[in-house]
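The values are calculated or read from the model by the stated rules, or taken from the named source; none is laboratory data. Because the structure is predicted, anything quoted here is derived from the model rather than measured. So basically every Cβ, Gly included, is an ideal-geometry build from the backbone, and we count neighbours across all protein chains shown. In case anyone asks, the SASA skips ligands and DNA or RNA and just uses the protein heavy atoms, side chains included. Shrake-Rupley method; radii C 1.70, N 1.55, O 1.52, S 1.80 Å.
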Amino acid sequence: MKVATASILLALQAASCDGFLSLPGLQLPFLNQANTLVAGYAEAQESALLKIHLDIGQDVKVNRGTPIVSGNRLGVDGLVLELRGNEDANYKHPNLPGANGPNPQLSSGAKTLELLEEGKFVDLSGTKSCHFDHGAWEIIWRRNANAGALICGFDVPEEVARNDAAIPKGRVYMTFPVWTDESLKHLRERKVIAEGKAAEALDRLKEASAKMATETNLLSKALLFREAAKAHEDIDYSGHRNYQAMPLDRDMISLKNGLHLCSLGTVWTKKDHFFGADHVLLGSATATAGDRKVPEKKVVSERELKPVAFDGLRPFE
């Protein structure tokens, strides 16, 4: 037995770790694996237009997945972006969380982002433009995840401020959740089921609590307390709180290749320091599908025609 055990230990010691990790077909759960379709999702968005409104606040919190902006506000309107899914961003641009982060395999890669119209805001001196430079975007999506994220990044050359609400100089990012047709339908169905289970358990909790308040028998009171505790546990395990944090019922923008982009996203920046960088939430971003402006053709009536010379038919006017 001792000889056999020693032989096994020697064999394990002789086997290299690299050889173990490279076993064909082996899937390691601790490695982040990408959605194999993420590159195609990004390429399909060639020439897609997004019109963005930014709501930047002095104080920003997140409640059930929704950014809540309060205090002094900075509203930037009219920002129009064009996604170039077939063009890699082969120019200087801000680092993106996926493509330039610790898990670049989850990213579609940095894509070209065209700023067709600058955003504008109003302060006491009038209307001002919001200058964003070197835009780039990406889609990140983990394997088997129900949702991904579309992230746009810009360089901000100068602080954009109104009162105490500001977009600081440096990098600014906008993040929007994205789903496929199938995953959005699946999550909405599961949300309905979870909410149904939670509602039924809540009714049992209320009923048991009401009876417990009037019950005088200690044994019966203890049994009712047990029923109430079980109902409370069922509410927790229904999973409805997880779905409340998902913006599944918000307005969606239909993108190409069966993708749906949530109209409400977040605006954030990174503050660098000695030990790395902190993510700082600045406010919310609301997106709508953009449309290309077609120059209006002016119809000139006969009365609007002005003769340029006397042609024998009309006198000078």
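Of Ala4, Ala34, Ala48, Ala39, which residue is out of contact with any Pro (no Cβ under 7 Å at 6 or more places or on another chain) and either at pLDDT below 50 or open to solvent by 50 Å² or more (accessible area, probe 1.4 Å) (or both)?
Working: Ala34 fails: either at pLDDT below 50 or open to solvent by 50 Å² or more (accessible area, probe 1.4 Å) (or both); Ala48 fails: either at pLDDT below 50 or open to solvent by 50 Å² or more (accessible area, probe 1.4 Å) (or both); Ala39 fails: either at pLDDT below 50 or open to solvent by 50 Å² or more (accessible area, probe 1.4 Å) (or both).
Just one listed residue meets the conditions, Ala4.
Could you list, in sequence order, the residues of the stretch 143-158 that are at pLDDT 90 or above and open to solvent by 40 Å² or more (accessible area, probe 1.4 Å)? Break it down stepwise before answering.
We begin by selecting, within the stretch 143-158, every residue at pLDDT 90 or above; these are 148-158.
Matches in the stretch 143-158: Pro157, Glu158.
Can you pull out the residues in the stretch 125-178 that are farther than 19 Å from Asp278 by Cα and touching a Cys at 6+ places or on another chain (Cβ under 8 Å)?
Initially, the stretch 125-178 is screened for residues farther than 19 Å from Asp278 by Cα, giving 125-150, 157-158, 160-164, 176-178.
Gly135, Ala136, Trp137, Val160, Phe176, Pro177, Val178 - these are the residues of the stretch 125-178 that are farther than 19 Å from Asp278 by Cα and touching a Cys at 6+ places or on another chain (Cβ under 8 Å).
Taking the conditions exactly as written (surrounded by 21 or more Cβ atoms within 10 Å (Cβ to Cβ), in contact with a helix residue (DSSP H, G or I) (Cβ under 6 Å, 6 or more places away or on another chain) and either under 17 Å from Lys270 (Cβ atoms) or at pLDDT below 90 (or both)), does Ile140 satisfy them or not? So that I can check it myself, show each step before the final result.
Values: surrounded by 21 or more Cβ atoms within 10 Å (Cβ to Cβ): yes; in contact with a helix residue (DSSP H, G or I) (Cβ under 6 Å, 6 or more places away or on another chain): yes; either under 17 Å from Lys270 (Cβ atoms) or at pLDDT below 90 (or both): yes.
Here the answer is yes, as Ile140 does meet what is asked.
Only one residue in Val69, Val76 is buried (at least 20 other Cβ atoms within 10 Å of the Cβ) and at pLDDT below 90, so which one is that? Give the derivation first.
Working: Val76 fails: at pLDDT below 90.
Matching residue, one of Val69, Val76: Val69.
Scan (1) open to solvent by 30 Å² or more (accessible area, probe 1.4 Å); (2) more than 18 Å from Ala149 (Cβ to Cβ); (3) outside any loop (DSSP other than H, G, I, E, B) for the single condition Val62 breaks and write down its number.
Here Val62 clears every test but (2).
Regarding the stretch 246-257, can at least one residue be identified that is open to solvent by 30 Å² or more (accessible area, probe 1.4 Å), farther than 30 Å from Asn95 by Cα, among the aliphatic types (A, V, I, L, M) and at pLDDT 70 or above?
No: zero hits.
Does any residue of the stretch 112-129 turn out to be without any contact (Cβ under 8 Å) to a residue 12 or more places away in the chain, of a type outside the set (S, T, N, Q) and not in a strand (DSSP E or B)?
Yes, the stretch 112-129 contains at least one residue that is without any contact (Cβ under 8 Å) to a residue 12 or more places away in the chain, of a type outside the set (S, T, N, Q) and not in a strand (DSSP E or B).
Tally up the residues in the stretch 161-203 that are open to solvent by less than 40 Å² (accessible area, probe 1.4 Å), touching a residue at least 60 places away in the same chain (Cβ under 8 Å) and among the polar types (S, T, N, Q), please.
Of the residues in the stretch 161-203, 2 are open to solvent by less than 40 Å² (accessible area, probe 1.4 Å), touching a residue at least 60 places away in the same chain (Cβ under 8 Å) and among the polar types (S, T, N, Q).
With respect to Gly109, is the statement that it is closer than 30 Å to Asn32 by Cβ and assigned to a strand (DSSP E or B) true? Steps first, please.
Numbers: closer than 30 Å to Asn32 by Cβ: yes; assigned to a strand (DSSP E or B): no.
No; evaluated as a whole, the condition is false for this residue.
Name the residues in the stretch 85-96 that are within 22 Å of Val156 (Cβ to Cβ) and open to solvent by 50 Å² or more (accessible area, probe 1.4 Å), would you? Outline the logic, then answer.
First, the residues of the stretch 85-96 that are within 22 Å of Val156 (Cβ to Cβ): 89-96.
If the condition is that a residue be within 22 Å of Val156 (Cβ to Cβ) and open to solvent by 50 Å² or more (accessible area, probe 1.4 Å), then Asn90, Tyr91, Lys92, Asn95 are the ones that fit.
Does at least one position in the stretch 231-240 carry a residue that is closer than 21 Å to Lys197 by Cβ, open to solvent by 30 Å² or more (accessible area, probe 1.4 Å) and at pLDDT 85 or above?
Yes, the stretch 231-240 has at least one match.
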